[in-house]
Amino acid sequence: MRRLAEMCFRRRGRVLIAWVLGIMVLGGVSGAIGTGYRSDFTLPDVESKHGIDILKAHFGGQGAGIAGNIVFQADQGVNDPQVRQTMEQFLGQVAAIPGLQKVTSPYSPDARGQISDNGKIAYAGIEAPSTADFKETAKIGTQIKDLMPKQPGLRVELGGSAFAAFAVPSSEALGLGFAVIILILAFGSVLAMGLPIGVALAGIASGTVVGGLLSNAISMPDFASTIGIMIGLGVGIDYALFIVTRFRENLHKGYSIEASTLVAMETAGRAVLFAGTTVVISLMGMLIMQLGFISGLAIGAAVVVAMTMLASLTLLPALLGFAARRVEVTRRRGLVGAGLIAVALISTGLGATAVALPAAILAALVILVSFAFAPLRQQVLDRPPRPVRETLAYRWSRVIQHHPWAALLVGLAVVIALALPVFGLRLGFSDEGNFPKDTTTKQAYDLLAEGFGAGFNGPLVLAANLPAGVPRARLDAVSDAIGKDADVAFASPAVVDNEASPTAVLWRVVPKTAPQDAATTALVNRLRNDVLPQATAGSGVKVSVAGSVAVGVDFTEYLSARLPWFFGAVLSLSFLLLMVVFRSVLVPLKAVVMNLLSLGAAYGIVVAVFQEGHFGSLLNIAGAPIEPFVPMMLFAIVFGLSMDYEVFLLSRVREEWERTGDSRTSVADGLAVTARVITAAAAIMVLVFGSFLGEADRVVKLFGLGLSMAVLIDASVVRMLLVPATMELLGDRNWWMPGWLGRILPRVHIEAPADLEAELARLTEGERSQTLG
């Protein structure tokens, strides 16, 4: 680490130019090649995939592409001559849009059941190739909306989430604005605020561009970039913040600029390397699932984390060399300018461009005017830092150490109470009824439910290969058996691929309940396990249930069966890594348990809000099942982030313990030294993640709430109550390790090497000599 830090510090101009040129080149390549984000839920060797394969082979891929609906309602009836003429002309224009492979008009001779019983609601089916990415389908959706007729008494809506408008996320601006304010309030230095944000932005810019390029070769969902930005902002600011804080601490001790940079990188930098590696490993653990969709999410997020970590370890030492002792100097113009920039960013995130633009212009004017206006150039007086043992954090740790059992019981009661809703967790995919009420996607969903029933938004397609000699009467018996199920609203007659010599058959089934309802999932399982096996017994026909709902059921079951393996792998690896680093058995065991507690509490809050619907009106959401990949993603991200705080706190505690041998004072001193920076870092993460609650996408909101609550609980209840209480109760046993285990484990240090002090003294004396000379 020292050689890397020295190289980046001493050749800081080259490092900065390399980063700037690298981001520009990557951006240019990405602009030329483009991205290939797409949501591919294809599963290996499951029933819904078998059904889709039959549809592709024998029925032209019916139900296998990306489907949507143009839904329309007419007060005078959809068969009114004027309405019919308008809609037929409109649908003809839609059919000519490049990229659409199929448009099924309700007025065509082959249309079946596309007009409601009261004749006032109808729909036209549209389908894009399964290979189309979200940008292509969103572009098609925009073209359809532009062509929509505007006629009195006629209402036209576009259904299908794939064809919904793609909203460019603005929440990162909101998070950045809050981060600016928190960093200035916590550290009183504009430059100390700007360095972490600049490093985070460099890491995010490079990471998202690399992720976008990889999306052309790896299946990544359309929201992978948003999740990457969310995580990158949090960890990028945090990693740089820990290093900058240690750098300033070294300056206060009298070290030279280079010595302060080296010790910061040899201590906080090593911790960043370990913590960032832990996050990447946690994310890459999702590759165990062996699903393209999940692997794409994991790789996309891990790339952003890796690039922000790389920026912290290479770009930041270079920037510290440029900043030098000016990191301790803040002038009035800097405070005013930073405040205006924060206002501009927050206004941008809230969509208030009328405020954002003037604030940004005013910030630039303040900087320009300050060159001629002396009061703006005056330095803001900065109070020296308090001695460690006079801080509120030190006094708090002493209170906890005097009442460890009370603190432990209170902390456990809080996290357990918050985690209780997780026992009612139901995994599954939410449907389009969860889109915001003002979107055409939601309104099309509601119109279809009104005209054709709630289950019409999630039809099932049943398909089978036909052995030779199966009589038509046997297929009709299957139709009758399906139709008799209490939760089936409609079952079509059997449709064969070739009447003269049939080789495959399909049925279309409409449930009575909405796609996300538990009753619909139960219907899919009942058809597969009971109804269809009994109806086809002895015929040699094996019917596969497909359709989006069935794919969702298979996806959920597939992931649920593999979650224990994923959890076990991440927990075991994290335990081993911490045991190697801290040379202890109980400290990593306690860390794993504590992180599980904070994660369980975050899960409970997510279930209470997004599944049970509590406070849903505030977030513009309704209760729905939790997407099956969310617990896994939250686990990987939160576990990695929790380990960050654990490493930063315990590394300082162990450093004090090795210096003094006193387990009580080492905990109090370690907590006091790291409390301010961990609190500021956690506050930034909570606000950055929480700002994504303003996004329209339900999954992004879900991640925003889950991540922000997990960090809040971890930094407050866990770090401030449970960790000091348990370490007090364990005493010197915190650092116990069997001798035989200590001998076989490799030695990895995240504290500074023993010879660093001599090197620091030499560098510092050299700087003083140059100054005197």
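The values are calculated or read from the model by the stated rules, or taken from the named source; none is laboratory data. Just so it is clear, the model here is predicted, and its values are computed rather than measured. Neighbour counts are summed over all protein chains in view; Cβ atoms, including those assigned to glycine, are modelled from backbone coordinates with ideal geometry. SASA here: full protein model, heavy atoms, side chains in, ligands and nucleic acids out. Shrake-Rupley method; radii C 1.70, N 1.55, O 1.52, S 1.80 Å.
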| message | So if each residue of separation counts as 0.36 nm, and I subtract the Cα-Cα distance between Asp146 and Gln89, what length gain in nm does that give? | response | 19.1 nm
| Can you pull the accessible area of Lys512 for me, 1.4 Å probe, Å² to the nearest 10? | 110
| Tell me, what is the percent relative contact order of segment 396-492, built from C-alpha pairs under 8 Å that lie six or more residues apart? | 10
| note | Taking Cα atoms only, helix 404-419 is inclined relative to the longest principal axis of the chain by an angle, in degrees rounded to 10, of 20
| task | Could you provide, to the nearest whole Å², the per residue accessible area of the chain with probe 1.4 Å? | result | 41
| task | For segment 423-439, take each phi angle, set θ = phi - 60°, evaluate the Karplus expression 6.51 cos²θ - 1.76 cosθ + 1.60, and give the result in whole Hz per residue in order, putting x for glycine and proline. | result | 5, x, 4, 10, 8, x, 9, 6, 9, 6, x, 8, 5, x, 4, 8, 8
| note | Across 10 Å bins beginning at 0, the whole-percent shares of Cα-Cα pair distances in segment 225-314 come to 18, 40, 24, 12, 4, 0
| field | Flagged links, alpha-carbon separation over 30 Å, of Lys135/Lys437; Lys49/Lys145; Lys120/Lys701; Lys102/Lys135 | value | Lys49/Lys145; Lys120/Lys701
| query | Quick one: if the Förster radius is 60 Å, what FRET efficiency do Leu573 and Gln82 give, using the C-beta to C-beta distance and rounding to 0.05? | reply | 0.35
| query | Near the amide H of Met220, under 5 Å away, which other amide H atoms are found, from residues 5 or more places off or on another chain, if H is placed in the peptide plane? | reply | Arg38
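Taking the Cβ-Cβ separation of Leu362 and Arg664 as r and a Förster radius of 45 Å, what is the calculated FRET efficiency to the nearest 0.05?
The computed FRET efficiency comes out at 0.30.
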| message | Nearest 10 degrees is fine. How inclined is helix 630-660 to the longest principal axis of the chain, computing both from alpha carbons? | response | 10
| task | State log₁₀ I(q)/I(0) for segment 543-684 at q = 0.09, 0.18, 0.20 Å⁻¹ as given by the Debye formula over alpha-carbon point scatterers of equal weight, solvent excluded. | result | -0.42, -1.10, -1.22
| task | Working from Cα positions, state the angle (0 to 90°, nearest 10) between the long axis of helix 392-402 and the longest principal axis of the chain. | result | 80
| field | Residue-level accessible surface for Thr439, protein heavy atoms, 1.4 Å, Å² | value | 40
| remark: Projecting the Cα atoms of Ser651, Ala681, Thr665 onto the charge dipole of segment 643-686, where Lys and Arg contribute +1 and Asp and Glu -1 at Cβ, the residue farthest towards the positive end is Ala681
| Which one is right for this structure if semi-axes √(5λ) of the Cα gyration tensor in Å is calculated from it: (1) 53, 39, 31; (2) 69, 29, 27; (3) 55, 31, 22? | (3)
| message | Taking θ = phi - 60°, what integer Hz values does the Karplus form 6.51 cos²θ - 1.76 cosθ + 1.60 yield along segment 492-506, in sequence order, with x for Gly and Pro? | response | 6, x, 5, 10, 9, 6, 8, 4, 6, 9, x, 10, 8, 9, 9
| query | Dividing the convex hull volume of the Cα atoms of segment 290-332 by its residue count, what figure in Å³ per residue is obtained? | reply | 85
| said: Using the Karplus curve 6.51 cos²θ - 1.76 cosθ + 1.60 with θ = phi - 60°, what ³J(HN,Hα) values do you get for each residue of segment 697-702, in whole Hz, with x for Gly and Pro? | reply: 5, 4, 5, 5, 4, 4
| How large is the dipole of the chain about the Cα centre if only Lys and Arg carry +1 and Asp and Glu carry -1, each at its Cβ, rounded to the nearest 20 debye? | 2240
| query | When the accessible area of segment 66-166 is split by element with a 1.4 Å probe, what percent falls to carbon and sulfur? | reply | 48
| request: Rank-order 633-646, 7-20 by packing density, defined as the average count of other C-beta atoms within 10 Å over each peptide's residues, highest first. | output: 633-646, 7-20
| Lys, Arg +1 and Asp, Glu -1 on Cβ, resulting dipole of segment 630-706 about Cα centre, debye, nearest 20 | 160
